[in-house]
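One structure is given below, encoded as structure tokens.
All of the numbers you see were taken from the coordinates with simple rules; none came from a lab. Bear in mind the structure is a predicted one, so any value in this text is a computation, not a measurement. Methodologically, a virtual Cβ is constructed for each residue, glycine included, from the backbone with ideal geometry; neighbour enumeration extends over all protein chains shown.
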Amino acid sequence: MSTPDDNAQDNASAREAPATSRGREQPKRSEGQSRPTSTAKTLWHGRFEGGPSAELMAFTESLSFDRRLWPDDIEGSRAHVIGLTRARLITEAERDAILAALDQAGGELLSDSFVFAPSDEDIHTAIERRVTEIAGPAGAKLHTGRSRNDQSATGVRLWLKRELIVVAQRIVALQHVLLDSAVEARDGYLPGYTHMQRAQPVLLAHHLLAHGWALGRDIDRIRGTLARVDISPLGAGALAGSSLPLDPAFTAEQLGFANTFENSLDAVGSRDHIAEALFDLTLIAINLSRIGEEWVLWTSAEFGFAELDDGYATGSSMLPQKKNPDIAELARGKAGRVIGDLTGLLATMKGLPLSYNRDYQEDKEPLFDAMDQVRLGLGAIAGMIATATFDIRRMQAAADSETGSATDLAEWLVERDVPFREAHAIVGSLVREALAGESSLRNLVAHHPRLGDEAAALVAPGVAVTRRTTPGGAGPKPVAVQIERFRAALAGWANWSEFALPARP
Ligand code: ARG
């Protein structure tokens, strides 16, 4: 996060940069004074005799983090200006002057030559100030019938719609990696675990796709959330609408929103859609953390199930032999931070009376942080898995312990009419004997009066996993079906994420 001081530096460097479209010198930020000497005015200067203190600006500014909303703010302003023309509140000439000024301000922001003023407490203020500088009296009409409350809420919703779809696209990319790895793993298997104890062997493909399905639900959740994000608050004004003949439905349509608000207090006074988006991001972060934890284990010498590509591992500054799974560890670690983003916003929202409260400005940093971390994490984990090498031989050796087929022995007895509880006890006592080191389980089974050679064959390496035949199970037969079902589901998720954002009119 940049601080107001960074902004001051930005100003300085922007001043030095070859200015393309700036006409005149901008006021300088004055440090260490309790009153800015700026000639730029606050949006509310008429009501106030004095200017804002430096302490107030430093504590309340949001420009340092909401400047990334500039494309959305400009888009919202364009729609608003067109709406003002339609309502005959400004002339077409004024509209064109404002639109041109918005274009120019956007160009400056894009090329990083936009010069911020000390009085620019947020991106909305900065853009309106610049538009007024460029367009003169017409620019002063831009904010007609609008408040920063509906303006900033509109900007965040536009931003969120776009960014959530990018998250979905990154999930799809990770799912493709998992699918490709699953196909490549063929009939390779590893121990499946419960309680982190070896339980039954499962195909590696099955294991990888388990994460793939969970990520699919993350996309489904984003879809559900988007329906509640896709509502335009523009036209709610500060809280109560307007006396001017504005048409919220018109600007909503201009901006490509599916719906407009039903209640102006709710439009500017709610952040549940942001909390919900943060929850979706948090669950993705948690899913990534679980993948991460597995890879920390899998790449350890003790497991040795996988080796990371050099590009996706780090070394130690002191221990020459080390190859560390930092991506996997940070996927685990950053989930904690993202959970903090969610709980922080929930705490901010708690107990706030209707409608807008300045507390709501605190919605952006957790949202941006969670979005950035989850997007980076999805890309890093996808790259890590795509480039890693699985050691199927080690996985299978770990899965081929004789006791991994204990359930198959019990089920073999069940098929011969032995009640399951009795079968469980028979096999359990053989396992106990085998573990005591008397004889191999296979040998004990072969010589047991109720089992014998046919049952003993189930204990051979690689047999147990083939016995998982039920739909959705871990063996080669159902997994072949599952791979095709996942491929079809993934095509659906991919298609949605590619076309989710309708083209703007
Ligand atoms: N930066 C503010 C925010 O993000 C904009 C709204 C300020 N509104 C106000 N009435 N002071 O919430």
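Points worth noting:
- In order through the range 140-157: 3J(HN,Hα) via Karplus (6.51 cos²θ - 1.76 cosθ + 1.60), integer Hz, x for Gly, Pro: 5, 9, 4, 8, 3, x, 10, 10, 5, 5, 6, 5, 6, 4, 5, x, 5, 5
- Look at where the Cα atoms of the range 416-490 and of the range 212-240 average out, and the two centres are 47 Å apart.
- Charge tally around LEU209: other residues with Cβ under 12 Å, Lys/Arg +1 each, Asp/Glu -1 each, net 0.
- Judged by the mean number of other Cβ atoms found within 10 Å, the most tightly packed of the peptides 487-498, 59-70 leads the ranking 59-70, 487-498.
- For the chain, the Cα gyration tensor yields ellipsoid semi-axes of 61, 24, 19 Å (square root of five times each eigenvalue, largest first, whole Å).
- Near ALA199, the amide H atoms lying under 5 Å from its own belong to GLY192, TYR193, THR194; only residues 5 or more places off or on other chains count, and H is placed 1.01 Å from N.
- Sorting HIS447, HIS211 by the number of Cβ atoms found within 10 Å of their own Cβ, with the fewest placed first, yields HIS447, HIS211.
- Environment charge at SER300 (Cβ cut-off 13 Å; Lys +1, Arg +1, Asp -1, Glu -1): -3
- Coordinate range along principal axes, alpha carbons of the range 401-460, Å, largest first: 29, 20, 20
- Taking Lys and Arg as +1 and Asp and Glu as -1, the other residues whose beta-carbon sits under 10 Å from that of MET384 total -2.
- Sequence ranges 196-209, 452-465, ranked by mean other-Cβ count within 10 angstrom, highest first: 196-209, 452-465
- Structure-based [θ]222 nm, the chain - -39500 (n - 2.57) summed over DSSP H runs of at least 4, per residue, nearest 500: -19000 deg cm²/dmol
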